[in-house]
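What follows is a set of notes on a single structure, which appears directly below.
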Amino acid sequence: MSSVQSVDRSPGPAAEEVAAGAEGVAPERRSRAALWLPVATLIIGLALTVTLSLVSQSQYTNSEKRLLALRVRDASLLVTAALPSVQTSLASVAELADATNGNLSRVDQFASALVGAPASGKQFVSLSLWKSADPAAGPVAVLGQTPRLASAPARAAALFASAMHRNTVGVTSFLTSQPPGLGYAYSAPRVPGGYVAYAETALPANRRSKLQTSNAFANLDYAIYFGASQRPQDLLVTNLSHFPAPSPSHAETVPFGDGALTLLMSSRVSLAGSLPHDLPWLIGIIGVLLSVAAALLTWRLTERRRSAEELAGRLEVTASENRRLYGEQRSIAQTLQHAMLPDVLPEIPGMLASARYEAGEQGVDIGGDWYDVIDLDGRRLLLVVGDVSGRGLKAASTMASLRYAIRAYAAESDPPDRILTKLSHLFSISDTGQLATVLCAQLDIAAREITVTSAGHLPPLLLSNGSGRYVEVEAGLPIGVEAGSTYTATTIAAPMAATFLAYTDGLVELRGESLDQGLERLRAAAAGDHSELPDLLGRLVTELPHGPSEDDIAIVGVRWTS
Amino acid sequence: MDKLEVEPGSLVSFDVAVDGRRHAIVRIAGELDMSGIDPLAAQVEEALARGIDRLTVDVGQVRFADSSAIALWVRWAGAVSAFELLDPPSLLRRVITAMGLSEKLGVVQ
């Protein structure tokens, strides 16, 4: 087997092309296929992450703004809540003054509880009564500090007019002077010539406040302005040390007496809590991690699929290589088989020899059938047909040694029975597990005499004048069974134009059928066919049924032509 | 006859039974050719290696046997002191006769 395999292993040009194709295309396609998918995954993942992050950030900002606006509203309610108590106090004083027609001692008695020094914690630092009809005359009575309004009669007139007109507290500011303060004026409605109660409060000199301890201002930076604008000169109170206020900030202007206050606030902490604040970052970090993980996973899957495809490709190459090798080996087997059979048959005047060999379909194994026609001396032929059991190179080499041994013995002029006896020494079934059936026939052309011996081989067929019969020959032991077996030679006379056929069992054996049926089928087909010898042999080989044609068929014939 | 072991995908089944007196009975059924011969050959070879001296091969259920199968039996026949091919069907008997092996395989004509 070694020589056959060493031939087969060297790949032919076709195999090299296939292999080169698989190796050449793969790497380029591999790197592209392996990279674009993971990169795309990464890009898509990062884009999603950024989008989600931005959406979440914008949601957060919006909710912070909304929450801040709510806080500003809360705070403004708190700030403006101071006004009703101012109004109540001033209204009480004004009404008392009106009721007592300016009895200041009564007023004084009531109002002294409201007025005190700036640090005393009293509501006002200054309280005074004015005649509403004559503000320019100044206050008619004063409690506490001298009102700063007294030095600005025009302002007093405008303030009182506005307060009376709107029936609310008139508010004015003294922010440029030290200490800064606010002034409130109120007069009872519909009392012509009545009194106006006017009070002043002090603001912290540095405008700094501890208001943040109150809940409404907790964690907030704030600035409260007098009026609707946020001018520095209108600043009432703040806890900010720098302006502008940190972003995000929110401002709201609310009515305050006849004027307004503006609250500017910004948050020091996330109002919605820490999770919404951190969410964009969390989304960002987790998204990036997930994107990278997805990209890596995609890369690994791509790699795995690629190697699977590569493997499949390699297997495909291997399979086609195997198919090729199978075909090659089969043709090698057939070549070898034909090499072991004679190329040309001898030509002797007065006779025609022909042979056919048909390989069975049992894979790549070579069969053990053979035939031979040997010219003994120009007058006589030795015709041999044999069949070694089994298949493969072992059967073929046994067949070859038998064939050449017979040629050697024939050259020594041994008769057929002696040849077979000598062959029986060649090998033993106990060593090789093989046996061989051999038919050896010597044909004397001129004498028309046939001497046949058989080592367990099927009987030869003799055709003449459209009839056929099997030569009754005693079948001796097949070669390999017993060394030194003896064989009986049977000699018959050949009729005119006789045809002598010998064959191997593949021609007549059918599973499930008696051997005699097969022999009869061959006899009938051969006897009824009057074509030339080669055509006859060809027809017998191709047209006789021989099952799944698993067995090799050898047939050799000699026909007398004169 | 008991059911014989059948290898999946094989057309042949067989059974090797050894009785205590260095005697083995091989029962074969089905179609025995080169493709299915190896397991049978191995099992009987093992029995022979253990010193089996007499072999009875029951081929009553064999429908077909090719030359490899017959060669196997001839080989067994040469390896023991007593060999008997039991109950060969007529088709098989005819082939054995044509091969000149009736006597060798103990087939009565």
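The values are calculated or read from the model by the stated rules, or taken from the named source; none is laboratory data. This structure is a prediction, so every number in the text was calculated from the model and none was measured. Because the Cβ atoms are built from the backbone with ideal geometry, glycine has one as well, and the counts that use them run over all protein chains shown.
Look at A:LEU402 and say whether it is within 30 Å of B:GLU45 (Cα to Cα), in contact with a Cys (Cβ under 8 Å, 6 or more places away or on another chain) and surrounded by 20 or more Cβ atoms within 10 Å (Cβ to Cβ).
Details: within 30 Å of B:GLU45 (Cα to Cα): yes; in contact with a Cys (Cβ under 8 Å, 6 or more places away or on another chain): no; surrounded by 20 or more Cβ atoms within 10 Å (Cβ to Cβ): yes.
It is false that A:LEU402 is within 30 Å of B:GLU45 (Cα to Cα), in contact with a Cys (Cβ under 8 Å, 6 or more places away or on another chain) and surrounded by 20 or more Cβ atoms within 10 Å (Cβ to Cβ).
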Check: What is the residue count in the stretch A:321-355 for residues that are assigned to a helix (DSSP H, G or I), touching a residue at least 12 places away in the same chain (Cβ under 8 Å) and loosely packed, with under 14 Cβ neighbours inside 10 Å?
Finding: 2
Next item on the list: Could you give me the residue pairs with C-beta distances under 9 Å whose first residue belongs to the stretch A:495-515 and is closer than 13 Å to A:VAL541 by Cβ and more than 9 Å from chain B (Cβ to nearest Cβ), whose second residue is among the polar types (S, T, N, Q) and assigned to a loop (DSSP other than H, G, I, E, B) wherever it lies, and which are 6+ apart or on separate chains?
Entry: A:GLY506/A:SER549
Check: Restricting the search to the stretch B:34-64, which residues are farther than 20 Å from B:ALA17 by Cβ and crowded, with 19+ Cβ neighbours inside 10 Å?
Finding: B:MET34, B:PHE64
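I'd like to know if the stretch A:382-402 contains one or more residues that are more than 60 Å from the chain's Cα centre (by Cα), assigned to a loop (DSSP other than H, G, I, E, B) and over 28 Å from A:LEU540 (Cβ atoms). Even if it seems obvious, please write down each step before you answer.
Kept after step one, since they are more than 60 Å from the chain's Cα centre (by Cα), are these residues of the stretch A:382-402: A:382-386, A:401-402.
Filter again for assigned to a loop (DSSP other than H, G, I, E, B), leaving none.
No; the residues of the stretch A:382-402 include none that is more than 60 Å from the chain's Cα centre (by Cα), assigned to a loop (DSSP other than H, G, I, E, B) and over 28 Å from A:LEU540 (Cβ atoms).
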Check: Is there any pair with a first residue in the stretch A:37-63 that is in contact (Cβ under 8 Å) with a residue 40 or more places away in the chain and part of a helix (DSSP H, G or I) and a second that is surrounded by fewer than 16 Cβ atoms within 10 Å (Cβ to Cβ) and among the aliphatic types (A, V, I, L, M) whose Cβ atoms are under 6 Å apart and which are 6 or more apart or on different chains, and what are they?
Finding: A:THR41/A:ALA294; A:GLY45/A:ALA294
Next item on the list: Given the conditions (1) of a type in the set (A, V, I, L, M); (2) surrounded by 13 or more Cβ atoms within 10 Å (Cβ to Cβ); (3) modelled with pLDDT under 80, report the number of the one that A:ALA117 does not fulfil.
Entry: (2)
Next item on the list: Go through the stretch B:80-94 and give me each residue that's more than 12 Å from B:GLN61 (Cα to Cα) and at the interface with chain A (Cβ under 10 Å from one of its Cβ atoms).
Entry: B:ARG93, B:ARG94
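Taking B:LEU55 as the residue in question, decide whether it is within 21 Å of A:ALA455 (Cβ to Cβ) and not in a helix (DSSP H, G or I).
Criteria not met by B:LEU55.
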Margin query: Could you check the stretch A:403-441 and list, in sequence order, the residues that are part of a helix (DSSP H, G or I), away from chain B (no Cβ under 12 Å) and of a type outside the set (D, E, K, R)?
Written below: A:TYR404, A:ALA405, A:ILE406, A:ALA408, A:TYR409, A:ALA410, A:ALA411, A:PRO416, A:ILE419, A:THR421, A:LEU423
Next item on the list: May I ask you to list the residues in the stretch A:427-455 that are buried (at least 16 other Cβ atoms within 10 Å of the Cβ) and farther than 24 Å from A:THR499 by Cα?
Entry: A:PHE427, A:SER428, A:ILE429, A:THR432, A:GLY433, A:GLN434, A:LEU435, A:ALA436
Check: Scanning the stretch B:46-79 for residues that are more than 11 Å from the chain's Cα centre (by Cα) and of a type in the set (A, V, I, L, M), which turns out nearest to A:SER389 (Cα to Cα)?
Finding: B:ALA79
Next item on the list: Mind listing whichever residues of the stretch A:64-76 are surrounded by fewer than 18 Cβ atoms within 10 Å (Cβ to Cβ) and either of a type in the set (Ser, Thr, Tyr) or free of Cβ contacts under 8 Å to residues at least 12 places away in the same chain (or both)?
Entry: A:ARG66, A:LEU70
